[in-house]
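A.B. asks: Could you have a look at this structure, given as structure tokens, before my questions?
Please treat every number below as a calculation from the coordinates, not as lab data. Note that the structure is a prediction, hence the values are computed from the model and not measured. Every residue, glycine as well, gets a Cβ built from its backbone with ideal geometry; the counts of neighbours run over all protein chains shown.
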Amino acid sequence: MNVRQQAHGIGKVPQVTLAFWIIKIAATTLGETGGDAVSMSMHLGYLISTLIFAAWFLVMVAAQIRAARFHPLLYWTTIIATTTVGTTLADFADRSLGIGYPGGTALLAALLLLSFFCWHHATGSVALRTVTSARAELFYWITIMFSQTLGTALGDWTADSIGLGFGGAALVFGALLLLVLAAYRWTGVSRTVLFWLAFVLTRPLGAVVGDLLDKPVAEGGLALSRYAASGALLLFILACVLLFQRRAEPA
């Protein structure tokens, strides 16, 4: 492993810092507004939008796996690809398949657990430090994609079916993330378990914040343009990646 890789984390996975979580939440919010922009504002529907984003996801994962070292822009573009396909895939499962938010959440939770099981069975661990081979990296991205999809369904279920609204749901998932942080600081719970819990929970948080931004006022949103919100989030993510990347580089 070269010096540049060590500066950013193990293999092609970045160090998990506060900057990581800030960019991750912004990326999940962008996934919601961007996915809705294509499926709803462009009127392409959930199935066509899912196929488009799935193709983009596969291209980005292939590029990420083929890369010889860690590239921040490539990594976060791949994360955004998982969030957009997760948004439209969850909406397709929840609405087009007619299984509703509880059914979609249960189905996607089962798929996420299955991906963890297969990953652990194939490599012996789901810890980030083991993502140093193409096989482990493939499982890593499949698991991330399912976690993003589950997060979308879970966010919609909490905000709509349970009736908490976008603001109330955001507070719930924010509080759950604080509990994970507390467990990280003051308990001996597995750091790998806590990482994946936080990773899953940031997705519904981003989903409900995205809905809060672009849904109609009558539905509890701010009715902002999906295109404008997506553009602003994309610029924010780009600025964060470039800023933190520059600070992380060795002098």
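A.B. asks: Nearest 500 deg cm²/dmol is fine: what mean residue ellipticity at 222 nm does the chain get from its DSSP H runs of n ≥ 4 alone, each adding -39,500 (n - 2.57), divided by its residue count?
C.D. replies: Counting only the DSSP helices, I get -25000 deg cm²/dmol.
A.B. asks: A further question follows. Taking the Cα centre of the chain as the origin, how large is its charge dipole in debye, to the nearest 20, when only Lys and Arg (+1) and Asp and Glu (-1) carry charge on their Cβ atoms? Write out the running numbers ahead of the final one.
C.D. replies: On the way: 15 positive and 11 negative charges, 216 e Å.
Taking the Cα centre of the chain as origin, the dipole is about 1040 debye.
A.B. asks: Measure nothing fancy, just the Cα-based angle from helix 100-123's long axis to the longest principal axis of the chain, in degrees from 0 to 90, nearest 10.
C.D. replies: 10 degrees
A.B. asks: Then there is this: Can you find, among 115, 98, 209, the residue sitting farthest towards the positive end of the charge dipole of the chain, where Lys and Arg contribute +1 and Asp and Glu -1 at Cβ?
C.D. replies: So the residue we want is 115.
A.B. asks: Can you give the angle from 0 to 90° between the axis of helix 72-91 and the longest principal axis of the chain, with both taken from C-alpha atoms, to the nearest 10?
C.D. replies: On a 0 to 90 degree scale, this one is about 30.
A.B. asks: Roughly what angle does helix 18-36 make with the longest principal axis of the chain, taking Cα atoms, 0 to 90 degrees, to the nearest 10?
C.D. replies: 40 degrees
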